[in-house]
Amino acid sequence: MTDHPLAPRVAAYLATKIPGASDLTVEAMERISGGASRETYRFRARWREAGESRERRMILRRDPPASLIETERRVEFAAYRAFHGSAVPVPEMLWLEEDPAHLDHPFFIAEELAGLQASPQMLLAGGYDAALPKVAERKWTILGEIAKADPKALGLTEVIPAPPLDGCWRRELDYWEAVFDRDQAEPLPIARAAIRWLRAHPPPPAQKLSVVHGDYRTGNFLYDEAGEIHGVLDWEMAHLGDPLEDLAWGFNPIWEFGRGLAGGLLPRERAIAIWEQASGLKADPQALHWWILFNCVKGQAIWVGSAGAFIKGGNKAPIMIYPAWWLLNAQDRAILKVMGKL
Amino acid sequence: MTPEVPAVLAELAAVVARNAAPGVPEPERASELGLTAMLLGLAAEVWDGAAARLVEENRALRALLSDTGADEDLRLSKLKAGNDRLRAALIEAQIAAEQAGDQARQEAIWAELRASTERRKISVSLV
């Protein structure tokens, strides 16, 4: 295999971060497919330390030239670190580097949780059917644990702005509507109608301030053949807000993967019951409906942003085109469905 | 589809050329070409019906908006520009119907929006 051109530069960086390391090399470096918001690579670092050979598998997450999701890597890094070692399984974060001098763009390095799968297509293709009930139970239990956690006790209120309980919805809706205003390449009558409805029918204040993962769906966690979840990934949209937002993101009809089940895994009512049990919170049906429609709008903003990054020339990678072509119309149909128009 | 098919095809040509050269790491070559293949498949699927879909939709929108124009130039770029203009006008019409409480008008607009997603539906649509 050809050595990856980034490997020697990563090795040079690691040599400055591991005290006492010598003869440090980076091997078997390869880019992991997907990853439209960050470029993700796996690799193996080898070095000598205190007269012994050491080895560790690691993940590099580097900012691309223009991203599907514009986020602060510092927030993502902090969210991972906050939950490491808790009931919410996450990989260990090792180093955050915001100086572009090392690898041209900011990045962070984490441990690799090897031998696991994240692909929803693989999970739902039939080979894992016996494990699906366990995956589902763990998926919404872990989400309940995220909702239950105290952001202040985790130290996250020092890193992430905390909105007032009655202002969570407005801050999120303002943010994602601004993405449409900035990135849309064509009129979007369905999304705009949904935004008007959301503003005219605001939800009640959040029952508590929670950590919101922001992209908690089938496909963003690492699972094994027995259905255990070993790592929740892709915290790049993490923020503080209404815990119902996170529950509702997974109920965007897009994430049913055409199976008519929440997350492609089980009936929505059962998912809600698991989440309520784990979080100790209640999912008010009307408030949840608001957040589901909001998340359809948020999803559409992300796909529009993906198309916008391609059209404006910031990122011409095929991964920026596929979400737009595959999902823009499907997301419009999801909005219609949630609004009772389809 | 957005981004427009010609711009995407031009970019995919560059992707294929880049991956035909030696020295590209194999996993990255596989990932880029696999994704390129899927995109080419989608482009092939929508290509034949693209002009017909835009003409049909522009006619429906003109009827709904009492617009007396017509599609004189049948190039896709011109049809799409007309479609964008009409869909922008539809947003304004829907806001006006909401503010007036005109339920019949709102229902007619929702019917057209529903139809618009049927016209754009692709074989791998998730919804």
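Every read-out reported here was derived from the displayed coordinates using simple, explicitly stated rules and does not represent laboratory data. Note that the coordinates shown come from a computational prediction; the quantities given were computed from them, not determined experimentally. Glycine also receives a Cβ, built like all others from the backbone with ideal geometry; neighbour counts cover every protein chain displayed.
General remarks:
- Summing Cβ point charges (Lys, Arg +1; Asp, Glu -1) relative to the Cα centre of the stretch A:120-338 gives a dipole of roughly 480 debye.
- Cα-centre dipole for the stretch A:108-222 with unit charges at Cβ (Lys and Arg positive, Asp and Glu negative), debye to 20: 400 debye
- For residues of B:22-35, the mean tally of beta carbons on other chains within 10 Å: 4
- Cα lying deepest toward the dipole's positive end in the protein assembly as shown, options B:40, A:14, A:202, charges on Cβ: A:202
- Helix A:132-148 axis, angle to chain A major axis (alpha carbon atoms, nearest 10°): 90 degrees
- Each of the peptides A:189-201, A:207-219, A:288-300, A:94-106 was scored by the mean count of other Cβ atoms within 10 Å over its residues; in descending order, highest first, they stand as A:288-300, A:207-219, A:189-201, A:94-106.
- Shown in residue order for the stretch A:337-342 are the 3J(HN,Hα) couplings computed by the Karplus curve 6.51 cos²θ - 1.76 cosθ + 1.60 at θ = phi - 60°: 5, 5, 7, x, 9, 10 Hz (x for Gly and Pro).
- Cα-only radius of gyration and Dmax that characterise chain A, units Å: 20.4, 69
- Efficiency of FRET from Cβ geometry, residue A:339 and residue B:119, R₀ 22 Å, rounded to 0.05: 0.70
- Averaged over the residues of peptide A:182-189, the number of Cβ atoms from other protein chains lying within 10 Å of each residue's Cβ is 5.
- Descending by average beta-carbon neighbour count within 10 Å, the peptides A:43-54, B:31-42, B:113-124 line up as B:31-42, B:113-124, A:43-54, the highest first.
- Using Cβ point charges alone (K and R +1, D and E -1), the dipole size of the protein assembly as shown about the Cα centre works out to roughly 440 debye.
- Averaging Cα coordinates gives a centre for the stretch A:258-294 and one for the stretch A:213-227; these two points are 16 Å apart.
- nm² value of the averaged projected area, convex hull over the Cα atoms of the stretch B:5-47: 2.7 nm²
- Within the same chain, lysines fewer than 8 places from residue A:208 are excluded, and of the rest, those with a Cα less than 24 Å from its Cα are A:139, A:148, A:152, A:282, A:298.
- Positive end of the dipole of the protein assembly as shown (Cβ unit charges, origin at the Cα centre): among A:43, A:308, A:288, the Cα lying farthest that way belongs to A:288.
- By the helix-only formula, in which each DSSP H run with n ≥ 4 contributes -39500 (n - 2.57) and the sum is divided by residues, chain B has a 222 nm mean residue ellipticity of -26000 deg cm²/dmol.
- Shown for A:40, B:2, B:68: other C-beta atoms within 10 Å of each C-beta, ranked fewest to most, produce the order B:68, A:40, B:2.
- Look at the stretch A:330-342: the mean tally of other chain Cβ atoms within 10 Å of its residues' Cβ atoms is 4.
- Rounded to whole Hz, the Karplus (6.51, -1.76, 1.60) HN-Hα couplings of the stretch B:59-71, x for glycine and proline: 5, 4, 5, 5, 5, 5, 9, 6, 8, 8, x, 8, 8
- Helical contribution to [θ] at 222 nm, DSSP H n ≥ 4, -39,500 (n - 2.57), averaged over chain A, rounded to 500: -13000 deg cm²/dmol
- Shown in residue order for the stretch A:193-208 are the 3J(HN,Hα) couplings computed by the Karplus curve 6.51 cos²θ - 1.76 cosθ + 1.60 at θ = phi - 60°: 5, 5, 4, 4, 5, 4, 5, 7, 10, x, x, x, x, 4, 6, 7 Hz (x for Gly and Pro).
- Both radii were evaluated on the Cα set of the stretch B:50-120; the Rg over Rh quotient, with Rh as the Kirkwood radius, amounts to 0.99.
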